[in-house]
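The values are calculated or read from the model by the stated rules, or taken from the named source; none is laboratory data. Everything numeric in this text was worked out from a predicted model, so none of it was measured. Methodologically, a virtual Cβ is constructed for each residue, glycine included, from the backbone with ideal geometry; neighbour enumeration extends over all protein chains shown. All accessible areas refer to the heavy atoms of the entire protein, side chains included, with ligands and DNA or RNA removed. Shrake-Rupley method; radii C 1.70, N 1.55, O 1.52, S 1.80 Å.
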Amino acid sequence: MLTLKSDSETTREIEVRRSRFIAYACRADSSDAAHRIVNSRRTRYPDARHHCSAYVISQEGMNPLLHSSDDGEPSGTAGPPILQVISHSGLSNLVVVVTRYFGGTLLGTGGLTRAYSDATAAVLDAAPKVSLVRQDIYQTEVSTDVAGKVEAELRAAGFHIDEVRWGALVDIKVVTNTPDELSSKLSSLLRDSVTVQKVGSREVEM
């Protein structure tokens, strides 16, 4: 799944006949998160006339959740154009909010549709994108005297460490779809056969 980088926030502004359209895009993995983001933009620009928005949220085993809001603009001139641009981009799990400051000149339905579409396209073009790939999580146990070295060497080899839990032995959880390579690397580091056990899976940004 193609989406926006989880820690990114992107803003772009266009002006059309003195009306300002401030487009904001960021990752949203649920409808609740998307609505919180829309509300945060209202707080950020309390004097703006409109905060139009749309989001697309993937749902496992179901059709994507789609939503748009004209927020007081003429019906169909803001939210649906934003949603259409998102849908055509192939992106999912994101929300776009376009805040409008009215410039005193009416744009008409066609002008509004173009403005909201252009603002959305501009912010999505600039936003950093990633692919979400589901990978398995494998766990191994190592002694405390070698745990630091093992963790460092695995990271250096390109493995993604999901968690390190210290105790009498150290549990190291690694996100990978190549468990044989992980076992081989661990055996080489520890000069002994090593057991790795699948304990779950998660989505990783690539």
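Are any residues in region 164-206 more than 29 Å from Glu60 (Cβ to Cβ), part of a helix (DSSP H, G or I) and aliphatic (A, V, I, L, M), and if so, which ones? Don't jump to the end; show me each part of the working.
Residues of region 164-206 more than 29 Å from Glu60 (Cβ to Cβ): 166-170, 183-195.
Remaining after also requiring part of a helix (DSSP H, G or I): 183-190.
Leu186, Leu189, Leu190, listed by residue number.
Can you go through Glu151, Glu163, Glu205 and tell me which one is more than 21 Å from Leu132 (Cα to Cα), under 29 Å from the mean Cα position of the chain (by Cα) and charged (D, E, K, R)? Before you say what the answer is, go through the steps one by one.
Values: Glu163 fails: more than 21 Å from Leu132 (Cα to Cα); Glu205 fails: more than 21 Å from Leu132 (Cα to Cα).
When all the criteria are applied, what remains is Glu151.
Quick check on region 116-130. Is at least one of its residues among the basic types (Lys, Arg), modelled with pLDDT of 95 or more and touching a Leu at 6+ places or on another chain (Cβ under 8 Å)?
Residues of region 116-130 among the basic types (Lys, Arg): 129.
From the residues that got through so far, the ones that are modelled with pLDDT of 95 or more too are 129.
Then keep just the ones that are touching a Leu at 6+ places or on another chain (Cβ under 8 Å); that gives 129.
Scanning region 116-130 turns up at least one residue that is among the basic types (Lys, Arg), modelled with pLDDT of 95 or more and touching a Leu at 6+ places or on another chain (Cβ under 8 Å).
Checking the structure you have, find out if any residue of region 95-106 is open to solvent by 30 Å² or more (accessible area, probe 1.4 Å), within 30 Å of Val204 (Cβ to Cβ), at pLDDT below 95 and of a type outside the set (S, T, N, Q).
No, region 95-106 contains no residue that is open to solvent by 30 Å² or more (accessible area, probe 1.4 Å), within 30 Å of Val204 (Cβ to Cβ), at pLDDT below 95 and of a type outside the set (S, T, N, Q).
Cβ contacts < 7 Å: first residue over 19 Å from Thr176 (Cα atoms) and without any contact (Cβ under 8 Å) to a residue 40 or more places away in the chain, restricted to region 141-159; second residue part of a strand (DSSP E or B) and among the small types (Gly, Ala, Ser), any location; separation 6+ or different chain. Result?
Nothing qualifies.
Do we have any residue at all in region 28-37 that's without any contact (Cβ under 8 Å) to a residue 24 or more places away in the chain, among the polar types (S, T, N, Q) and over 20 Å from Asp125 (Cβ atoms)?
no
For the condition part of a strand (DSSP E or B), touching a Leu at 6+ places or on another chain (Cβ under 7 Å) and of a type in the set (Ser, Thr, Tyr), what is the one hit in Thr3, Thr10?
Thr3
State the number of residues belonging to region 131-163 that are acidic (Asp, Glu), open to solvent by 50 Å² or more (accessible area, probe 1.4 Å) and part of a helix (DSSP H, G or I).
2
Condition test on Pro74, is it modelled with pLDDT of 95 or more, open to solvent by 40 Å² or more (accessible area, probe 1.4 Å) and either part of a helix (DSSP H, G or I) or under 16 Å from Arg20 (Cα atoms) (or both)? Full working, then the answer.
On the way: modelled with pLDDT of 95 or more: yes; open to solvent by 40 Å² or more (accessible area, probe 1.4 Å): yes; either part of a helix (DSSP H, G or I) or under 16 Å from Arg20 (Cα atoms) (or both): no.
Answer is no for this residue.
Can Leu91 be described as in a loop (DSSP other than H, G, I, E, B) and out of contact with any Phe, Trp or Tyr (no Cβ under 7 Å at 6 or more places or on another chain)?
Values: in a loop (DSSP other than H, G, I, E, B): yes; out of contact with any Phe, Trp or Tyr (no Cβ under 7 Å at 6 or more places or on another chain): yes.
So Leu91 fits the description; yes.
Could you grab me the full set of residues in region 165-182 that are within 13 Å of Val150 (Cβ to Cβ) and either touching an Asp or Glu at 6+ places or on another chain (Cβ under 6 Å) or surrounded by 12 or more Cβ atoms within 10 Å (Cβ to Cβ) (or both)?
Quick first cut of region 165-182, residues within 13 Å of Val150 (Cβ to Cβ) only: 166, 169-174, 182.
Those that are within 13 Å of Val150 (Cβ to Cβ) and either touching an Asp or Glu at 6+ places or on another chain (Cβ under 6 Å) or surrounded by 12 or more Cβ atoms within 10 Å (Cβ to Cβ) (or both): Leu169, Val170, Asp171, Ile172, Lys173, Val174, Leu182.
To keep it simple, each residue is scored yes or no on (1) among the basic types (Lys, Arg); (2) touching a Pro at 6+ places or on another chain (Cβ under 8 Å); (3) open to solvent by 70 Å² or more (accessible area, probe 1.4 Å).
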residue: Glu13; (1), (2), (3): no, no, yes
residue: Val16; (1), (2), (3): no, no, no
residue: Ser19; (1), (2), (3): no, no, no
residue: Asp29; (1), (2), (3): no, no, yes
residue: Ala33; (1), (2), (3): no, no, no
residue: Arg36; (1), (2), (3): yes, no, yes
residue: Cys52; (1), (2), (3): no, no, no
residue: Gln59; (1), (2), (3): no, no, no
residue: Met62; (1), (2), (3): no, no, yes
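Restricting to region 1-10, count the residues that are open to solvent by less than 60 Å² (accessible area, probe 1.4 Å) and either hydroxyl-bearing (Ser, Thr, Tyr) or without any contact (Cβ under 8 Å) to a residue 60 or more places away in the chain (or both).
Going through region 1-10, the residues open to solvent by less than 60 Å² (accessible area, probe 1.4 Å) turn out to be 3-4, 8, 10.
Of the ones still in play, those that are also either hydroxyl-bearing (Ser, Thr, Tyr) or without any contact (Cβ under 8 Å) to a residue 60 or more places away in the chain (or both) are 3, 8, 10.
So the count comes out to 3.
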